[in-house]
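Visitor: Take a look at this one; I'll ask things after.
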Amino acid sequence: MPAGYGLSLVGTAIFIAGGLGEVFRYTLFDIEIGVETLFSPSHLVMMLGSILMITGPLRAAWGRRVDASKRWMSLMPALLSLALLLAVLSFSVSYSRPLSYTILTMGDRSFTDTQAFNYLRAGIYVILIQSAILMGIILLTVRRWRLPVGGLTLIITIAYGLTVSIHENFFLIPFEILAGLMAEILYWWLNPSSRRPITFRWFAFGVPVVFYALYFLVLILTNDVWWVIRAWGGAILLAGITGWLLSYAFMPPQIMNAAKV
């Protein structure tokens, strides 16, 4: 078994066990419809197994040195693994994914004030959760490797392309491709690394800001958005703040003159 793939084998067994649990549950009980299905124990076991399976190339690449002249070839399996990981995590919380549940922002406001408040609150929570997932994976990658040109675009395009395709929101495909290109531009412009903590934090702030600014722009151009400008503008800013705060988990500030324990 190649290094890093042992847990993938374990994940295969876990996924099969979860699948058998789903069959057993469907045989004895009624099939849930909606969000309840995503939280069933057997479904969560399958998700854990799938994550362990698809992250084998990532674990294998993590412990290897990368030849700068062959960075694309060396990191391609890890980049594809990261893209699938982001897709699985996005799918597992698809009930709170802006790319699939665009009703949170789209259309005319034809509901009561209470419903509007609940939709607005849910939409902002969704953006914060998904910003944390997106930047958690991206910052992990940037902290470990110097990515090849197009690496970030590949991760974002594949991950969110799958999400968009599953829910048939095909009008968002140009958005997610453009979002990947903009993240790529920010990466090469700011050059974030462990030796440049300031640019690392600006990168963590800028990617979700650009991502959701483009998201709302596409919705405004293709549909009616009932959120007022201060609502979606504030949501974009909060997405950036989420990424910025998360950057401190991946690169905490140095403690000067700290006492030895």
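Values in this text are rule-based calculations from the coordinates and carry no lab data. From a predicted model like this one, the values you see are computed outputs, not experimental measurements. Cβ atoms come from the backbone with ideal geometry, glycine included; neighbour counts cover every protein chain shown.
Visitor: Say each of Ile16 and Thr114 gets a label point 7 Å from the Cα, pointing the same way as Cα to Cβ; how far apart are those two points in nm?
Guide: 5.1
Visitor: Please give the net charge around Ala204, taking every other residue with its beta carbon less than 14 angstrom from that of Ala204, where Lys and Arg add +1 and Asp and Glu add -1.
Guide: +3
Visitor: I've got another one for you. Amide H neighbours of Val225 under 5 Å, counting only residues 5+ apart in sequence or on other chains, H built in-plane at 1.01 Å?
Guide: Gly107
Visitor: I would also like to ask the following. Using label points projected 7 Å from each Cα along Cα→Cβ, tell me how many nm separate Ala249 and Leu217, to one decimal.
Guide: In this crude spin-label approximation the distance works out to 2.8 nm.
Visitor: Here's something else I'd like to know. What nm distance separates the two modelled labels at Phe24 and Leu7, each placed 7 Å from Cα along Cα→Cβ?
Guide: If labels sit at Phe24 and Leu7, their model points lie 2.6 nm apart.
Visitor: Here's another thing I want to ask about it. For a protection proxy built on the mean count of beta-carbon atoms within 10 angstrom, sort 234-242, 140-148, 191-199 highest first, please.
Guide: So the peptides 234-242, 140-148, 191-199, ranked by packing, come out 234-242, 140-148, 191-199.
Visitor: Let me ask you something else. Segment 156-261: which GluC sites (Glu not before Pro) are DSSP loop and have at most 14 other beta-carbon atoms within 10 angstrom?
Guide: Here the sparse-neighbourhood loop sites are Glu168.
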